[in-house]
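Participant: Provided herewith is a single structure, encoded as structure tokens, for subsequent inquiry.
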Protein chains: 4
Amino acid sequence: MSSTFGTLYRVSTFGESHGKAVGAIVDGCPANVELCEEDIQPQLTRRRPGQSEMTTPRDEADRVTILSGCEAGKTLGTPIGLMVNNRDQRPGDYQEMSQVPRPSHADFTYQHKYGNRAASGGGRSSARETIGRVAAGAIAEKWLRENFSTEIVAWVSSVGEVDAPDLSLEGLGRNEVDKNLIRCPDERSAEKMMEAVADARDQQDSVGGVLTCVARGIPVGLGEPVFERLEAKLAQAMLSIPATKGFEIGSGFAGSRMRGSAHNDPFEMKADGRLGTVTNYSGGVQGGISNGEPLVFRIAFKPPATIGQAQQTSTFQGEKTVLEAKGRHDPCVVPRAVPIVETMTAMTLMDFVLCQSYRA
Amino acid sequence: MSSTFGTLYRVSTFGESHGKAVGAIVDGCPANVELCEEDIQPQLTRRRPGQSEMTTPRDEADRVTILSGCEAGKTLGTPIGLMVNNRDQRPGDYQEMSQVPRPSHADFTYQHKYGNRAASGGGRSSARETIGRVAAGAIAEKWLRENFSTEIVAWVSSVGEVDAPDLSLEGLGRNEVDKNLIRCPDERSAEKMMEAVADARDQQDSVGGVLTCVARGIPVGLGEPVFERLEAKLAQAMLSIPATKGFEIGSGFAGSRMRGSAHNDPFEMKADGRLGTVTNYSGGVQGGISNGEPLVFRIAFKPPATIGQAQQTSTFQGEKTVLEAKGRHDPCVVPRAVPIVETMTAMTLMDFVLCQSYRA
Amino acid sequence: MSSTFGTLYRVSTFGESHGKAVGAIVDGCPANVELCEEDIQPQLTRRRPGQSEMTTPRDEADRVTILSGCEAGKTLGTPIGLMVNNRDQRPGDYQEMSQVPRPSHADFTYQHKYGNRAASGGGRSSARETIGRVAAGAIAEKWLRENFSTEIVAWVSSVGEVDAPDLSLEGLGRNEVDKNLIRCPDERSAEKMMEAVADARDQQDSVGGVLTCVARGIPVGLGEPVFERLEAKLAQAMLSIPATKGFEIGSGFAGSRMRGSAHNDPFEMKADGRLGTVTNYSGGVQGGISNGEPLVFRIAFKPPATIGQAQQTSTFQGEKTVLEAKGRHDPCVVPRAVPIVETMTAMTLMDFVLCQSYRA
Amino acid sequence: MSSTFGTLYRVSTFGESHGKAVGAIVDGCPANVELCEEDIQPQLTRRRPGQSEMTTPRDEADRVTILSGCEAGKTLGTPIGLMVNNRDQRPGDYQEMSQVPRPSHADFTYQHKYGNRAASGGGRSSARETIGRVAAGAIAEKWLRENFSTEIVAWVSSVGEVDAPDLSLEGLGRNEVDKNLIRCPDERSAEKMMEAVADARDQQDSVGGVLTCVARGIPVGLGEPVFERLEAKLAQAMLSIPATKGFEIGSGFAGSRMRGSAHNDPFEMKADGRLGTVTNYSGGVQGGISNGEPLVFRIAFKPPATIGQAQQTSTFQGEKTVLEAKGRHDPCVVPRAVPIVETMTAMTLMDFVLCQSYRA
């Protein structure tokens, strides 16, 4: 259980779906950052379920409390304890756990690895685990914004077979992302995506999607070659989010089909006197280090494993059985993944800034 | 410069393209593993340039020396020092460095981050850096093979626009991969790939490609949720390899287009009495933990940045200029990346096995 | 702020003296350990102030809550969140901080390092910070006891000029330690120690002391040479406790005065069929690795810096001034340090056991 | 085998007494530090055996080679590979290992932990392992000296029963330390110490001693509470040196006998306009953070375990036997420990400077 991320901006999370609380400790945040719960809450609120018909109807307040590390509205430089209570914990409700490992869930692997697992709700593999990260990353976002005017914006660029056009050069902000429930800034695509989600839901099925994330205002020089290249740590950060199956930066998989003469990013002097690149197939990194161009990367999410349809599968003992999930389930997680991707990005970048700073 | 990878099987690499030597220290290898240079050399030899017309003609012996950690043919449990001399180092040849940062190379970012950079050959961002990893990972491969019969096989699954059919279920071995120079086990695709490389070379251009890697014989339970999920650390490991732009596991980006009812992997009792999955869209991991199915993942490599064609670009000072690379260059790196991907996989898996072992 | 300790049993603490709560996350505790708050509370209760006239009269319940990582009375293998509320936090009471850095306190260094500091009570350098460690270490104690019958017992071996006789071979238990308020199992010494404390208190002064700690039932083989030798990590663990000034293991400083012929610990076959040593000047470690003999070490604590006497000192601006601490203060911290030393020892040992286990 | 030390200035060492080489990788050294072998060699030369009749007569050149990380006399910011060849390695000389674990050596514990051990010379527990540290720390010394005028000076303050007067306030330099073979700057004490060593040697015995180390020119603010307090990491660094048994900082164990009114260090404005302390019982740290006063600490070394005298002990199988060491042995290691202590101090401090720098 490695629940700590980062070298100097170190985030350690805790919490299952049905314990008393979830949260995080942020160790290494500089002192004298103005910080209160209201700085953290918006991303938690964007993350929480029950915002719309697009997502699961379960409603939780998900209010964060700062337990330590701040005084008089400023950080002390000491560990920041962050906690969100679980509202619908049900102590005592420890009925015999299901004999059927849910397909493509973590039941089988957790049971095998730990010889135990949380009785319900996915335990530590639940999306609820991400609350601690989002809270911790929201602090990093604030710090990056205040120190480097860094803007990190993610959006839904595909749902199922519906692809939005490439918007990575548009300079999008979160307002544009949040103007519809599916969090795709291209309205026509958004409508089709919402139809695709509605279709899946009506068929008691689920559907996957892709997020694009752009980070602008990135200092040159971030990334620690060789094993902690910027893209390598971003890839780790993104693939640590539940339900992710792929990561690509810049040209990504499509770039593997290109010739070098087309793919290379030539340099030119920019209007602001900065040497930059004409194109950005590199996605903002060269040799594992940020080059000052926007970071552009994409993350693939699988369709949620919990579906209402009956599934042919087996018990832990290997007996054939049919599994039917009860209740209503989230047919598409990608809109809620937007703040998770943004805050994981922020946490990754801030750590690199702190590691890099002694060279400045 | 974070040149260390792993928690209990810890690999630290050193070396530039033109210093005296490159190599690694492996800390945490168990004692009493039979080990000599001949166990390590084959993957180094597969990695080295100059093997064929497909790759750069520069020939280096790349012979590894074990400096410490072994005695009488067995590991002591102490750090294993590994070294490969650089043959064509040219001390004293420190001419003024080029005023032109090569497009999509690390010249610009290294210069900015470090205020210095190796005079030639790419320094630490050079492919030569990978020698230390390959040597260190070759030891992990041996250990996994001897303890779990683990087989890790990577091959070239696309070059430019040429795609080989999916071979991930074929149970391929390295012999089949190595039977042609491009390292694609499908002979018809291999021929077309080699044509694509020859075309690019003839036009003083380069071409990218994709590797597929399959690891069979994986113990159930590997991976440390949440930030060190198996796929997250694999993604970091792969994206730490020079020239990589993307990583996907199991269904990957294509999986994001699927419905849950099709994507879920139902369980069934296997002939060997093990509970397994009918399909493997998960790619061998669920909830960040290996489930005993083969790991299947793909890595995208961009076309090499060094090309013979003239390129319009700018000097560090922003003056427009034309850059032409001298000499012959490697038009396609993916065949040489095969042993790098395999050994990075081994190193990642072995670390998880050691971390997991106290639970066994 | 490095508030994380350990490689596989990883403890991260948070909390100041006057925030909402203090606590810890324990990452890496094996699953299926029977665990509830009652297992942790006793060491917290032994640690808390206000137990007697020997210590500060401030009374706090210091009740621990397990926030996560347990279900149905067993650990899940996931991070265990531990929290103790601060009862007398006074939000809003942020008066201007003192212009006088208290001598031998952390006011000056925290202010300099962070450009900020907690308004009162010592913030993160307060003894209250140790609550998280004690809670986290109490779990390690339980695990070691259940798996190896490990017993860790610390006691007060000197207070000021009063030295108890060497009791390290006596096989003492905690009952014997706790039978008096000063936690010295030698009754005659205990009485004199309590007099020394009373004297200091009457003179509005404070007094230091030494703790001896013995850990029995230690598996052979713990410790990771070279930088994480068992004694090196124990030394770090002990010197991370507030007010400590020294650490010695086995013969310690006295051993430096000896000849090798007297100091060497010869081997002999023990009655239980184990090869052991006749003497134990090594203190249970050889070459940085436990040899199966009891660990024996001593920790020096300075006299508490907060005293009622007037002190000549300077303001932050360098103006001479006289400082007088208000209220009543703890004249001697060593009795309360007993559970802190024991739990830090447990945490250190358990981490080594987990790191070592793959070799077993 | 945790052979890596540090967070941002990361030193990984390798090598046994009788392999091909010993050395280290330094990862995280800033770029553009002027560096060549001659900067490193002096401390290696001070460390090496065979300098005098005080130490073992075995002579080895111990010439360091920089394998990577430097070009044109400057660091590149990339890992610095450092290597010293072992001259008298005897490959093939793998006779059956002794059946008698040497008392107070690492034979028994290494054999038990690893199920294997180096055939001779102590392997990884040998003093020869310290070569890598000394080389890596010599770079840190240079960097600290050039950036902060930091001076780190250690000397022998006691040998056996011979104590030198306290010289920690004298502003000693290395020239004064090196003017005699025992490395005690007090000439009268030095003579007695050398007699004590000669006596021990004549009786085929050995003798322990204590080193005092003072580091001046320390930036305020170093140290990362709570688990990486400056004194805690120094304690770890020192207790990681072979043959150490104790560490104390400032008043140390003697301070535990004092009253707070005497022990507290009041503040005063210094002549240079810096707020400092009148006394320095704290030894340069308060709350785990450097306060700008000199660091003063002492390290206890046991008498070397290898002695010529016959010793009653047992074989691994428990049979009583008499062990007599052949050849000549070092009767006192403390003079050679001087550069080891200094360079471990430098490595610890430099890491804290880099970790702290982002706050500056």
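Derivation of every value follows stated rules applied to the coordinates shown; laboratory data play no part. For clarity, every value in this text was computed on a predicted model and none was experimentally measured. Quick reminder, even Gly has a Cβ in these numbers, built from the backbone with ideal geometry, and neighbours come from all protein chains shown.
Participant: Nm distances between the label at C:ASP202 and the same-position labels in the remaining copies, 7 Å along Cα→Cβ, shortest first?
Facilitator: 5.5, 9.0, 10.4
Participant: Using amide H atoms built 1.01 Å from N in the peptide plane, name the residues 5+ places from D:ILE182, or on other chains, whose amide H lies under 5 Å from its own.
Facilitator: none
Participant: If you count the DSSP beta bridges with both ends in the protein assembly as shown, what percent of them are antiparallel, to the nearest 5?
Facilitator: For the protein assembly as shown, the DSSP antiparallel bridge percentage is about 100.
Participant: Scan chain B for the residue whose Cβ is closest to the axis carrying it onto chain D, then write down that distance in whole angstrom.
Facilitator: Chain B residue with minimal Cβ-axis distance: B:SER12, 2.
Participant: Along the Cα→Cβ direction, 7 angstrom out, place labels at A:GLN203 and A:ARG87. What is the inter-label distance in nm?
Facilitator: With each label point 7 Å from Cα toward Cβ, the separation is 3.3 nm.
Participant: Step through the table entries B:LYS233/C:LYS245; B:LYS245/B:LYS326; C:LYS179/D:LYS302; B:LYS20/B:LYS192; A:LYS233/A:LYS270; B:LYS302/D:LYS20, compare each Cα-Cα distance with 31 Å, and write down the pairs that go over it. Mind dumping the intermediate values first?
Facilitator: Values: B:LYS233/C:LYS245 41 Å; B:LYS245/B:LYS326 26 Å; C:LYS179/D:LYS302 36 Å; B:LYS20/B:LYS192 39 Å; A:LYS233/A:LYS270 28 Å; B:LYS302/D:LYS20 40 Å.
From the list (B:LYS233/C:LYS245; B:LYS245/B:LYS326; C:LYS179/D:LYS302; B:LYS20/B:LYS192; A:LYS233/A:LYS270; B:LYS302/D:LYS20), the Cα-Cα distance tops 31 Å for B:LYS233/C:LYS245; C:LYS179/D:LYS302; B:LYS20/B:LYS192; B:LYS302/D:LYS20.
Participant: Ranked highest first by average number of other Cβ atoms within 10 Å, how do A:24-34, B:261-271, B:243-253 line up?
Facilitator: B:243-253, A:24-34, B:261-271
Participant: First measure r as the distance between the Cβ atoms of C:GLU37 and C:SER98, then evaluate 1/(1 + (r/R0)^6) with R0 = 30 Å and state the FRET efficiency to the nearest 0.05.
Facilitator: Once the sixth-power term is evaluated, E becomes 0.20.
Participant: Another one. Take every Cα-Cα pair in region D:4-359 and report what % of them are more than 31 Å apart.
Facilitator: Value for region D:4-359 (Cα pairs over 31 Å): 37 percent.
Participant: A follow-up question, please. About its Cα centre, how strong a charge dipole does the protein assembly as shown have in debye, to the nearest 20, once Lys and Arg get +1 and Asp and Glu get -1 at the Cβ? Display every interim value, and only then the final one.
Facilitator: Numbers: 156 positive and 180 negative charges, 0 e Å.
I would put it at about 0 debye.
Participant: A further question follows. Treating the angle as unsigned and between 0 and 90°, give the value, to the nearest 10°, between the Cα long axis of helix C:130-148 and the longest Cα principal axis of chain C.
Facilitator: 10 degrees
Participant: For chain B, what does the helix formula give at 222 nm: sum of -39500 (n - 2.57) over DSSP H segments with n ≥ 4, over the residue count, nearest 500 deg cm²/dmol?
Facilitator: Dividing the helical sum by the residues of chain B leaves -8500 deg cm²/dmol.
Participant: Shifting gears a bit: Placing the label point 7 Å from Cα along the Cα-to-Cβ direction, what are the distances from D:LEU181 to the equivalent spots in the other copies, shortest first, in nm to one decimal?
Facilitator: 5.9, 6.7, 8.9
Participant: Remind me, relative contact order of chain C in percent, using alpha carbon pairs under 8 angstrom and six or more residues apart? Could the numbers behind the result be given before it?
Facilitator: Numbers: 745 pairs, mean separation 76.7, N = 360.
Normalised by residue count, the contact order of chain C is 21 percent.
Participant: Angle between the Cα long axis of helix D:187-202 and the longest principal axis of chain D, 0 to 90 degrees, nearest 10?
Facilitator: Long axis of D:187-202 versus the principal axis of chain D: about 20 degrees.
Participant: Measuring nothing but label to label, 7 Å from Cα along Cα→Cβ, what are B:GLU268's distances to the other copies in nm, shortest first?
Facilitator: Inter-copy label distances (nm, one decimal, shortest first): 5.7, 6.7, 8.7.
Participant: As I understand it, the value is the acute angle between the Cα axis of helix B:37-47 and the longest principal axis of the Cα atoms of chain B; what does it come to in degrees, rounded to 10?
Facilitator: Rounded to the nearest ten degrees, it is 60.
Participant: Starting from the amide H of A:MET258, placed 1.01 Å from N in the peptide plane, find each other amide H under 5 Å away whose residue is 5 or more places distant or on another chain.
Facilitator: Under 5 Å from the amide H of A:MET258 lie the amide H atoms of B:GLY208, each far enough along the sequence or on another chain.
Participant: Order the peptides A:341-354, D:345-358 from the highest to the lowest mean number of other Cβ atoms within 10 Å of their residues.
Facilitator: Working: A:341-354: 26.9, D:345-358: 24.3.
In decreasing order of mean packing, A:341-354, D:345-358 become A:341-354, D:345-358.
Participant: Can you give the local net charge around D:PRO225? Use residues other than it whose beta-carbon is closer than 12 angstrom to its beta-carbon, Lys and Arg +1, Asp and Glu -1. Can you show the working numbers first?
Facilitator: Values: positive: C:LYS113, C:ARG117, C:ARG124, D:ARG229, D:LYS233; negative: A:ASP27, C:GLU16, C:GLU129, D:GLU224, D:GLU228, D:GLU231.
It works out to a net charge of -1.
Participant: How charged is the neighbourhood of D:VAL214? Take every other residue with its Cβ under 13 Å from the Cβ of D:VAL214, and add Lys/Arg as +1 and Asp/Glu as -1.
Facilitator: -3
Participant: Sticking with the crude label model, points 7 Å out along Cα→Cβ, report the distance from A:GLU146 to D:GLU170 in nm, one decimal please.
Facilitator: 5.1 nm
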